[in-house]
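> One structure, as structure tokens, below. Some questions next.
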Amino acid sequence: MRRAAIERLLPAAYQRAAGPGSVLGALLDVMEALHAPDESVLADVDALFAPYRTPGGFVAHLTRWVAMDHVVAAPRADAPLPLPLGRLRDLVAHGALLARWRGTPYGMRTALELATGVTGFVLDEPADRPFHVVVRVPPAAADRLALVTRIVEAEKPAAVTVEVTTDPAAVGAEGPEDAATGVASVRAVGRAHVPSPAPSDQPSEEPS
């Protein structure tokens, strides 16, 4: 708030006493200086909530807004992030997409790929074990099993049990392949490339 604007809020007698070189005038100058940092923040306040513009220290807080705070769960508040800051920004930017597909194979694979930067996660549902999913982790993400396990536990349906295992034979697949070109089709959302859902990921529609 500018000094002139503050001065106009004062009674007329105070306004007359706030001339140059006066004690009250000096106080008004100090008040203007104290308001300046806050007004600078408010002028660009939308940047605080934009995943790719917010300061690095605020990104972890934004994960709570999109129900992805389990990714940064840590025993101590000052513990380092379990993944690079850029990937955490990607997770926040795709929070709505992940919430829409939570509990599905596509949602789980997308969350894992965004968090680790690795493709090739394979989800198997053994025929002899109903309501059980085996998540096979590609070798490139084998050193992040704790992070993978936290995401799997949060993204799976509540009634499903899971098993996380490393799979040297897992191969990366960005998404469904185009029959004509053999190239995986990928759509860009935010700054990360997120594969489109495969037909098998779509919820089945049964007649009522």
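The values are calculated or read from the model by the stated rules, or taken from the named source; none is laboratory data. This one's a predicted model, so the numbers in the text were calculated from it and none came from an experiment. No Cβ is skipped: glycine too gets one built from the backbone with ideal geometry, and neighbour counts run over all protein chains shown. In case anyone asks, the SASA skips ligands and DNA or RNA and just uses the protein heavy atoms, side chains included. Shrake-Rupley method; radii C 1.70, N 1.55, O 1.52, S 1.80 Å.
> Name the long-range amide H neighbours of VAL122: under 5 Å, sequence gap of 5 or more, or other chain; modelled H, no Pro or chain starts.
HN-HN under 5 Å from VAL122: ARG136.
> Carbon and sulfur atoms: what percent of the 1.4 Å accessible area of the range 9-142 do they account for?
62 percent
> Something else: Excluding ARG53 itself, what net charge comes from residues whose Cβ is under 10 Å from its Cβ, given Lys and Arg +1 and Asp and Glu -1?
Value of the local net charge: -1.
> Something else now. Please list 53-59, 107-113, 137-143 highest first by mean number of surrounding beta-carbon atoms within 10 Å per residue.
Result, highest mean first: 107-113, 137-143, 53-59.
> Find how many whole Å separate the alpha carbon centroid of the range 6-38 from the alpha carbon centroid of the range 68-127.
With the range 68-127 and the range 6-38 each reduced to a Cα centre, they are spaced 52 Å.
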